[in-house]
Amino acid sequence: MKKRIFAANWKMHLGPGGARRFLDAFLQEYRPSSDREVWFFPSAVALEAVVERVRDHSGLKAGVQNVYWESKGAFTGELSVPMAREAGAVAALVGHSERRHVFGETDEDTARKAKALIAAGLTPLLCVGEKIEEREAGKTLSVVERQLGALDDLGCDALAGLTVAYEPVWAIGTGRTATPSDAAEVHAAIRAWFGGRGVPAAEVRVLYGGSVNVDNVGALVSEPEIDGVLVGGASLDPATWLRIAQAGGD
Ligand code: PGA
């Protein structure tokens with residue numbers, strides 16, 4: 001059975017001490033559910049603290065928020081995939097809208113990162129999504145397909161290693177959420193894109209992200225097209241995150 005994923009993107013919050021305190025509080029109350037995994041994307045400096053605490057919990061995983069595609073060398077400030085793997089990361093965000101729109105990363109940069117991760121056996125959590133003006137111009141699906149298109153040469157086996165998060169840019173950190181049915185339409189298009197490249201559409205995991213909170217998570221994850229959520233702001237408080245990560249659990 002395809003497990004749901006509840007992923008916390010801590011962005012530039014919580015250093016090693018904050019991450020330890022968060023997980024100590026979270027783990028006191030957390031009850032694993034066989035239908036889901038909970039992923040944490042801390043800052044790179046807090047990764048080891050998270051890995052240490054999630055290590056003995058099979059449903060909990062740690063990843064990084066960004067990687068560079070070269071494995072080593074003179075790239076000051078960058079983090080390589082082998083380093084992230086050595087430190088215990090099993091996944092990495094790629095193509096997050098803040099990387100695309102604040103740091104100017106292109107579809108091609110995103111694809112290179114995804115390829116480096118897949119080659120090393122880590123799961124890229126590829127974020128795609130349109131800006132408000134693109135949605136209003138009716139371009140949502142073409143933008144998402146263009147973002148996916150950079151991965152076209154990956155081949156079916158590698159594509160099957162990706163997890164996707166649909167995160168409309170206008171919903172991130174704004175309090176505006178796509179309705180479950182709006183998200184479902186885009187999720188279905190993402191699945192169809194993979195299906196067209198030989199990846200069984202039903203096996204592709206597509207999460208929703210953008211202002212997910214305690215009040216809307218239940219409706220989102222009960223939509224069959226939505227395989228989980230990627231959460232920023234509401235993942236920073238352990239009690240709130242616990243309620244989100246356990247929403248609709250068995
Ligand atoms: P948000 O962020 O939940 O604060 O909207 C989501 C994300 O950026 O991944």
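Taking the DSSP bridge list for the chain and keeping only pairs wholly inside it, about 0 percent are antiparallel. Judged by the mean number of other Cβ atoms found within 10 Å, the most tightly packed of the peptides 153-162, 202-211 leads the ranking 202-211, 153-162.
Annotation: extensible slack from CYS156 through LYS72 equals 27.5 nm (criterion: 0.36 nm per residue apart, minus Cα-Cα distance). Among the listed pairs LYS113/LYS139; LYS72/LYS139; LYS11/LYS72; LYS2/LYS72; LYS61/LYS139, a Cα-Cα separation exceeding 30 Å is found for LYS72/LYS139; LYS2/LYS72; LYS61/LYS139.
As an exercise, use a Förster radius of 35 Å and the Cβ-Cβ distance of SER58 and GLU136 to find the FRET efficiency, rounded to the nearest 0.05.
Values: r = 44 Å, r/R0 = 1.25.
Once the sixth-power term is evaluated, E becomes 0.20.
Here the Kirkwood formula puts the hydrodynamic radius of the chain at 18.0 Å, using every distinct Cα pair. The simple Förster model, with R0 at 25 Å and r as the Cβ-Cβ distance, assigns GLN28 and VAL102 a FRET efficiency of 0.10.
Just flag the chymotrypsin sites (Phe, Trp or Tyr not before Pro) in segment 38-129 sitting in loop per DSSP whose Cβ has no more than 16 other Cβ atoms within 10 Å. Walk me through the numbers on the way to the answer.
Values: sites: TRP39, PHE40, TYR68, TRP69, PHE75, PHE103; in loops: TRP69, PHE75, PHE103.
Passing sites in segment 38-129 are PHE75, PHE103.
Since every read-out is calculated from the coordinates, none of them should be taken as a lab result. All of these numbers come straight from a predicted model, not from anything done at the bench. Using ideal geometry, Cβ is built from the backbone for each residue, glycine included, and neighbour counts are taken over all protein chains shown.
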